[in-house]
Amino acid sequence: MAAKGLLSELKLAVPWGHIAAKVWGSQQAPPVLCLHGWLDNASSFDRLIPLLPKDFCYVAMDFGGHGLSSHYSPGFPYYQENFVSEIRRVVAALKWKHFSILGHSFGGAVGAMFSSIFPEMVNKLILLDTWPFPLDPKGIECVPTYRRGAIEYVLQVEASQKPRQVVSPEEMLQRFMKNNSHVSEENARLLLQRGTTKVATGLTLNRDRRIALPEHCVDFVSREQFVNFTKQLQARVLLIKAMQGYFNVRREDDTDKSIITFVTDTLKSILKERYQYIEVPGSHYVHLNQPETVSGIISAFLQSEETIPHHM
């Protein structure tokens, strides 16, 4: 038995290989699917899950091309909707009819999109420092540019038959820390453990080189689409925003403050008592760096009784 109630590693077959996942708790307990952020992996939840209620089954999956999951077949790009359909495959393999979702960053957006497309399946949706649907006026304007970039980039990566880069563990750590200033060194090592493979001369990254910029893959929505997707949700939604998190770091001009207001007002007016919004001190990786800051809030939300009738 591994540390802190980690039960097992799972490998679920998919047409292009397998999806890897970590499981905590009994598979007979009510299930919670945990979805990691962009370029992260299932170990993103290693610090948080041991602090959550023991009477749930937590499954943290590696998205395709991340962690220990298979890469997509050559020629196939990674788009947000592919990840949404991966969730459908995983829950089918696990035979889950109803479950909750805990999603960080990009994983939260994928989980919310799933919850909007398959609303009857999701009981509770917990969003860690992320909007449910990526709303970004610049994003909408730039979609053609982003899509073009995505297509060109994949073709370029496929054409260059360069072998995988092998670097020393120390250099790998330094690079990671440079790209992820929010993550403590100890947690960077944790994510790299699952995100790299040891070879004779050092480490190579596991993730698919075709995955680079989030905007290549994210489905940005307009305000109107944001409203429509939100109206589909049947889940109870908890949005935890880190005060020194993504939106504060990446967004400095005031126009974007209006987006925060729009998002929170829209969720509140449509979901009413099914929506909870909480701000916590901490960075975008607060669930990894200071999990005790969010564990109590998440535990209370998971254990709260259903107050709404389930639509059949």
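The values are calculated or read from the model by the stated rules, or taken from the named source; none is laboratory data. This is a predicted model, so every value here is computed, not measured. All Cβ positions, glycine included, derive from the backbone under ideal geometry; neighbour counts span all protein chains shown. Surface areas here come from the heavy atoms of the whole protein model, side chains and all, with no ligands, DNA or RNA. Shrake-Rupley method; radii C 1.70, N 1.55, O 1.52, S 1.80 Å.
Among the conditions (1) open to solvent by 20 Å² or more (accessible area, probe 1.4 Å); (2) in contact (Cβ under 8 Å) with a residue 60 or more places away in the chain; (3) over 22 Å from residue 165 (Cβ atoms), residue 235 misses just one, which is (1). For the range 172-200, which residues satisfy the criterion of being assigned to a helix (DSSP H, G or I) and open to solvent by less than 80 Å² (accessible area, probe 1.4 Å)? Of everything in the range 172-200, those that are assigned to a helix (DSSP H, G or I) and open to solvent by less than 80 Å² (accessible area, probe 1.4 Å) turn out to be 172, 173, 176, 177, 187, 188, 190, 191, 192, 194, 195. Pick from the range 125-169 the residues that are outside any helix (DSSP H, G or I) and free of Cβ contacts under 8 Å to residues at least 24 places away in the same chain: which of them is most open to solvent (accessible area, probe 1.4 Å)? My answer is 161.
Out of 60, 20, which single residue is within 25 Å of residue 134 (Cα to Cα), assigned to a strand (DSSP E or B), out of contact with any Pro (no Cβ under 9 Å at 6 or more places or on another chain) and free of Cβ contacts under 8 Å to residues at least 60 places away in the same chain?
Answer to the check: 60.
Residue-level check: of (1) within 30 Å of residue 73 (Cβ to Cβ); (2) open to solvent by less than 10 Å² (accessible area, probe 1.4 Å); (3) more than 18 Å from the chain's Cα centre (by Cα), residue 217 misses just (3). Of all residues in the range 10-25, none are more than 16 Å from the chain's Cα centre (by Cα), farther than 26 Å from residue 292 by Cβ, open to solvent by 60 Å² or more (accessible area, probe 1.4 Å) and modelled with pLDDT under 95.
The residue that is nearest to residue 32 (Cα to Cα), counting only those in the range 288-312 that are loosely packed, with under 14 Cβ neighbours inside 10 Å and at pLDDT 95 or above, is 303.
The residue that is least open to solvent (accessible area, probe 1.4 Å), counting only those in the range 220-230 that are modelled with pLDDT of 95 or more and among the hydrophobic types (A, V, I, L, M, F, W, C), is 226. Residues in the range 172-184: is at least one of a type in the set (D, E, K, R) and modelled with pLDDT under 95? Looking through the range 172-184, at least one residue is of a type in the set (D, E, K, R) and modelled with pLDDT under 95. Of all residues assigned to the range 215-225, at least one qualifies as being in a strand (DSSP E or B) and closer than 22 Å to residue 37 by Cα.
Yes or no, residue by residue, for (1) of a type outside the set (Val, Ile, Thr); (2) at pLDDT below 95; (3) open to solvent by 30 Å² or more (accessible area, probe 1.4 Å):
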| residue | (1), (2), (3) |
| --- | --- |
| 30 | yes, no, yes |
| 35 | yes, no, no |
| 48 | yes, no, no |
| 53 | yes, no, no |
| 65 | yes, no, no |
| 74 | yes, yes, yes |
| 91 | no, no, no |
| 105 | yes, no, no |
| 109 | yes, no, no |
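Looking at the range 201-213, which of its residues are open to solvent by less than 40 Å² (accessible area, probe 1.4 Å) and not in a loop (DSSP other than H, G, I, E, B)?
So the first thing to find is which residues in the range 201-213 are open to solvent by less than 40 Å² (accessible area, probe 1.4 Å), and the list is 202-204, 206, 208, 210-212.
Of everything in the range 201-213, those that are open to solvent by less than 40 Å² (accessible area, probe 1.4 Å) and not in a loop (DSSP other than H, G, I, E, B) turn out to be 202, 203, 204.
Could you count how many residues in the range 134-175 are touching a Phe, Trp or Tyr at 6+ places or on another chain (Cβ under 7 Å) and farther than 29 Å from residue 188 by Cβ? Residues meeting the conditions: 3.
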